[in-house]
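Beneath this line is the structure, given in C-alpha cells, with notes to follow.
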Amino acid sequence: MRTASSCSRCALSEADVASERSPSAFCNRCESAELVASALAARLSASCSARLWLHCTGFVLSYGALICKLWRVYTILNNQGGAKIVITTRTLMGRLAFLLGAQATVLACWTATCPLNWHINFDEDVTGLRTATFGSCSFRARCAMPFEALLAVIHLGLLGFGVVLSYKSRYVPTKFTEGKYIAVAIGLAIWVLV
C-alpha cells in the first residue's frame, strides 16, 4: 500500500491518501499528469516560436506600413525641385517586403539554430512536495543574443526612421499625414521595448 511519503513528488498529505479508496490511484494520477505535461511541452515549444514570429511580423507590418506611407507623403510634399515625383504602391510594398525579408531571415536562423522551448517548472513547499506547476518559453541566452540584437536593430531602426520622418513632416497638414499620431505611437513602442 502506498503512503504519502512514497508519492513524494506529488503534493499529497496523509489525509489525501486516507480519503482515497486506493492510495496508489492518487499517486498514479499525479504521475500520469506529469507524463501528459512533458508530452504537451513538445507541442508547446512550437507555439513559443510561433508567438515570436507573429509578434515580430505584426510589428514590422503595422509600423512599416505607417512609416512607408509617411515617407511617401513627406517625399511628395517636400519636393523642392518642382519635378513630378511618382511613388507607386508597388515601391512601398517593395520596401516593406525588404524589411519583412530581413526579419524573416533572422527569425529563420534563430528558429533553426537556437529554438525557443517550453519548460515546465514546479513549485515545491518546504517539505519538497510539489504545490504548483507552470510553464514558460525559454532559450539559451548565449545562443539567442545575436538574433535578439539583429531584431532590435531592425525594429529600433524602423522606429528611429519613423521618428525622424515624423519630425520632418510636422508642418505637413494633418489631412495628408498623421505624423503626430505616428510619433506618439512610435514613442509608446520605444517606451515598451526599452
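The values are calculated or read from the model by the stated rules, or taken from the named source; none is laboratory data. The model shown is predicted, which means the values in this text are computed figures rather than measured ones. For neighbour counting, all protein chains shown are included, and Cβ atoms are generated from backbone atoms with ideal geometry for every residue, glycine included. The area values use the complete protein model at the heavy-atom level, side chains included, leaving out ligands, DNA and RNA. Shrake-Rupley method; radii C 1.70, N 1.55, O 1.52, S 1.80 Å.
What a 1.4 Å probe finds exposed on the range 101-194 is 68% carbon and sulfur by accessible area, rounded to a whole percent. Sparsely packed loop sites in the range 40-105 (the trypsin sites (Lys or Arg not before Pro) outside DSSP H, G, I, E and B with at most 14 other Cβ atoms within 10 Å) comprise LYS84. In this structure the amide hydrogen of GLY135, modeled in the peptide plane, comes within under 5 Å of the amide hydrogens of ASN121, none closer than 5 places in sequence on its chain.
Here the Karplus curve 6.51 cos²θ - 1.76 cosθ + 1.60, taken at θ = phi - 60°, turns the phi angles of the range 109-119 into couplings of 5, 5, 5, 6, 9, 8, x, 6, 10, 8, 10 Hz, with x standing for Gly and Pro. Each residue of the range 139-156 was assigned a 3J(HN,Hα) from its phi angle through the Karplus expression (A = 6.51, B = -1.76, C = 1.60, θ = phi - 60°), giving 8, 6, 4, 5, 6, 8, 4, x, 6, 4, 5, 5, 5, 5, 5, 5, 5, 5 Hz with x at Gly and Pro. Per residue, the range 59-112 exposes 58 Å² of accessible surface when a 1.4 Å probe is rolled over the protein heavy atoms with every protein chain present. Largest first, the residues HIS119, HIS155, HIS55 sort by 1.4 Å accessible area into HIS55, HIS119, HIS155.
For the range 136-177, take N as its residue count and report Rg(C-alpha) divided by 2.2 N^0.38 Å.
It is 1.86.
Taking the inverse of the mean 1/r over every pair of distinct Cα atoms in the range 46-194 gives a Kirkwood hydrodynamic radius of 18.1 Å. The modelled label-to-label distance for the pair ASP123/CYS137, using points 7 Å beyond Cα in the direction of Cβ, is 2.3 nm. Ranked by solvent-accessible area (1.4 Å probe, protein heavy atoms only, all chains present), the residues GLU178, GLU124 order from largest to smallest as GLU124, GLU178.
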